[in-house]
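The values are calculated or read from the model by the stated rules, or taken from the named source; none is laboratory data. All figures in this text were calculated on a predicted structure; none of them were measured in a lab. Positions of Cβ are backbone-derived with ideal geometry, glycine not excepted, and every protein chain shown enters the neighbour counts. SASA here: full protein model, heavy atoms, side chains in, ligands and nucleic acids out. Shrake-Rupley method; radii C 1.70, N 1.55, O 1.52, S 1.80 Å.
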Amino acid sequence: MDLSDIEPNVKRGGDLRAMLTPATVGSTSGFMGVAIVQPGERIGEHYHPYSEEFVYVVCGDLEVDLDGEPHPLRPEQGLMIPAYTRHRFRNVGNVEARIVFHLGPLAPRPQLGHVDTEGTETVPVSAAQAAEPEPAGASEAGS
């Protein structure tokens, strides 16, 4: 599977591409993808009720909020996000950031795998840090 074979998903901020999934490769235990986040962009806050999320930073300087607490996330670092932990990623550097993510186990249905806890409009990093989350309800799976 090649990254260019996957259509970008920008609904939650950044460019999320779920590459190895039940639909693309028939996986049964989880799915893997890549998130591309430009300087000043963020992936909106959300959580996964059924899955742990494993993240590996390929390049770029990010900040991840875990249940509202900010943490730096740098290249060649990995992170495990437990199920139900609210999280958002912000590119706080001046170059594109890329992360590889894996979620597992799968939710019983894709639309149950991801719950948004804030809106997904484009917000600069400085404004995102000051913004209050706004509920957006549940939506389909994805980092």
I'm trying to understand the selection: among the residues of region 99-115, which are over 11 Å from the mean Cα position of the chain (by Cα) and outside any loop (DSSP other than H, G, I, E, B)?
Gly104, Pro110, Gln111, Leu112, Val115
Give region 30-60 a look and list any residue that's surrounded by fewer than 19 Cβ atoms within 10 Å (Cβ to Cβ), under 25 Å from Ala107 (Cα atoms) and without any contact (Cβ under 8 Å) to a residue 60 or more places away in the chain, or say none.
Glu52, Phe54, Tyr56
Tally, over region 2-29, of residues that are surrounded by fewer than 19 Cβ atoms within 10 Å (Cβ to Cβ) and either aromatic (Phe, Trp, Tyr) or in a loop (DSSP other than H, G, I, E, B) (or both):
10
Does Ala97 qualify as being among the small types (Gly, Ala, Ser), open to solvent by less than 30 Å² (accessible area, probe 1.4 Å), modelled with pLDDT of 95 or more and touching a Phe, Trp or Tyr at 6+ places or on another chain (Cβ under 7 Å)?
no
So is Glu63 open to solvent by 40 Å² or more (accessible area, probe 1.4 Å), assigned to a strand (DSSP E or B) and more than 23 Å from Ile6 (Cα to Cα) or not?
yes
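Every residue, every condition in (1) of a type outside the set (Phe, Trp, Tyr); (2) within 15 Å of Gly14 (Cβ to Cβ), yes or no:
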{"site": "Ser51", "(1), (2)": "yes, no"}
{"site": "Asp61", "(1), (2)": "yes, yes"}
{"site": "Pro72", "(1), (2)": "yes, no"}
{"site": "Gln77", "(1), (2)": "yes, no"}
{"site": "Ala83", "(1), (2)": "yes, no"}
{"site": "Phe89", "(1), (2)": "no, yes"}
{"site": "Ala97", "(1), (2)": "yes, yes"}
With of a type outside the set (A, V, I, L, M) and part of a strand (DSSP E or B) as the only criterion, which of Tyr50, Tyr84, Tyr56 stands out?
Tyr56
